[in-house]
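Only one structure is covered here, and it is reproduced in the block below.
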Amino acid sequence: MAFTLAAARVAIEKLNSLIEGKKEYLTDLDSAIGDADHGINMNRGFKKVMEKLQDKEHSDFAGLFRDVAMTLMSAVGGSAGPLYGTFFMKMGQNLADKKEATVEEFASAMQEGLNGIMTLGKAVLGDKTMLDAISPAIEALKSNPGDERAAWTSAADAAEEGMKATIPMLAKRGRSSYLGERSIGHQDPGATSSWYLISCFRDALTEHGGQ
Amino acid sequence: MRVGILIVSHSEDAARGIAQIATAMSGGNVEVVGVGGDGEGGLGVPVVKVLDALSLMLPKTEGIAVFPDLGSSILSVRGALEMLPPDEAAKVTIVDAPILEGAMLGAVEANCGAALEQVVESGKEARDLKKTEH
């Protein structure tokens, strides 16, 4: 069993719906420690992604993820645009000419995406950012190379744990870092949307993934 | 050709206004461009908007000094640089400076025909500019 291009597209659709439903929650999280634009920006960005993908066929992951990336980088003004845009762009470049990918291939593509985010935002693990959700998810994928479903289930669990672990953290990046100690006790909105992303990939795989 | 100045702000109005001031200070001889806003009246500047501005300016300039306001504006500039060919991206420097004072001093320096490095240095000196002691 491998992750298919069709399943990746389903994951993006699921993410759009999930963000639509959670936009106020994301905005609430962001108004506590940021500039209250994360829910609105993600919602607007992924709505535009769905418009872009409508009636479009892709021949590989690179084409699909490039469309996602370019739309986010054209439509989103907050930090979610460059960060998620770079993540999808780099992830796609690493899966060029592929219509299916194994857990190992997906993990290493996501690692490239994460490296891109780190280059852009200069964040490291523990800075209370999206990294804290995505990085444990990649590690979980790497530790379960044989079993696709088990790998993505544990990746989503790890992302959720990573997201919750941002609550006691002191923010070191972005607007929330200006708050210093006052950022402690709040869950990071970026880590939250990153958990949504990983959980949508899990759901797409379990419902539509393998052959 | 002279060094160009790109001002990148969350706000389109702020970017245009600062570009207007920097243009006035440089005699209109320097390519000064301001980009900002999300294109729908909101704050924040998308990567592609910065990329488009850089692509238009590069053929007309001897390098570009970029003055961002803060936070996601800086991420958007870095994202745009990632998307340029490396030899083009090498002609662009992000300057860590107060946006208005930096762009203004940078534009004045560029108008004197200074190289990119010197324009960047002048921009950085804006941090120590005393405004009320004269």
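Any read-out appearing in this document is the output of simple, stated calculations on the displayed coordinates, not a laboratory observation. A quick note: this is a predicted structure, and the numbers were derived from the prediction, not measured.
What's the Cα-based Rg to Rh of the protein assembly as shown, Rh via Kirkwood?
Numbers: Rg = 21.1 Å, Rh = 20.8 Å.
The Rg/Rh ratio comes out at 1.02.
Among B:17, B:34, B:63, which one shows the highest mean-square fluctuation when chain B is modelled as a Gaussian network with alpha-carbon springs under 10 Å?
The residue with the greatest mean-square fluctuation here is B:17.
Post the alpha-carbon centroid distance, segment A:52-124 to segment B:44-81, in whole angstrom.
21 Å
For n ≥ 4 DSSP H runs only, could you compute -39500 (n - 2.57) per run for chain B, divide by its residues and tell me the 222 nm figure to the nearest 500?
Details: 6 runs with 64 residues, N = 134.
Only helices count here, giving -14500 deg cm²/dmol.
For chain B, what log10 I(q)/I(0) values come out of the Debye formula at q = 0.10 1/Å, with one point per alpha carbon and no solvent?
-0.27
When each pair of different Cα atoms in segment A:9-78 is counted once in the 1/r mean, what is the Kirkwood radius in angstroms, to one decimal?
On the way: mean 1/r = 0.0798 Å⁻¹.
When all Cα pairs of segment A:9-78 are included, the Kirkwood radius is 12.5 Å.
For chain A, set up a GNM with springs between Cα atoms under 10 Å and report which of A:129, A:27, A:166 has the largest fluctuation.
In this elastic network of chain A, the residue with the biggest mean-square fluctuation among A:129, A:27, A:166 is A:27.
When chain A is modelled as a GNM with alpha-carbon springs shorter than 10 Å, which of A:197, A:120, A:83 fluctuates the most?
A:120
Could you tell me what fraction of 2.2 N^0.38 Å the Cα radius of gyration of segment A:94-211 comes to, as a two-decimal ratio? All intermediate terms of the calculation are to be shown ahead of the outcome.
Details: Rg = 14.9 Å, N = 118, 2.2 N^0.38 = 13.5 Å.
This ratio for segment A:94-211 stands at 1.10.
Which whole-number percent is the relative contact order of segment A:100-163 (Cα, under 8 Å, 6+ apart)?
Working: 68 pairs, mean separation 22.6, N = 64.
Computed value for segment A:100-163: 35 percent relative contact order.
Suppose a student asked you for the relative contact order of segment B:6-134, using Cα pairs under 8 Å spaced at least 6 residues apart; what percent would you report? The partial results should precede the final answer.
On the way: 230 pairs, mean separation 34.4, N = 129.
With pairs under 8 Å counted, the relative contact order is 27 percent.
Of the cross-linked pairs A:23/B:49; A:14/A:172; A:128/B:124; A:14/A:48, which ones have a Cα-Cα span greater than 20 Å in the structure shown?
Numbers: A:23/B:49 25 Å; A:14/A:172 31 Å; A:128/B:124 29 Å; A:14/A:48 14 Å.
Long pairs (Cα-Cα over 20 Å): A:23/B:49; A:14/A:172; A:128/B:124.
Could you tell me, in Å, what Rg and Dmax come out for the Cα atoms of segment A:33-170?
Final numbers for Rg and Dmax: 15.2, 44 Å.
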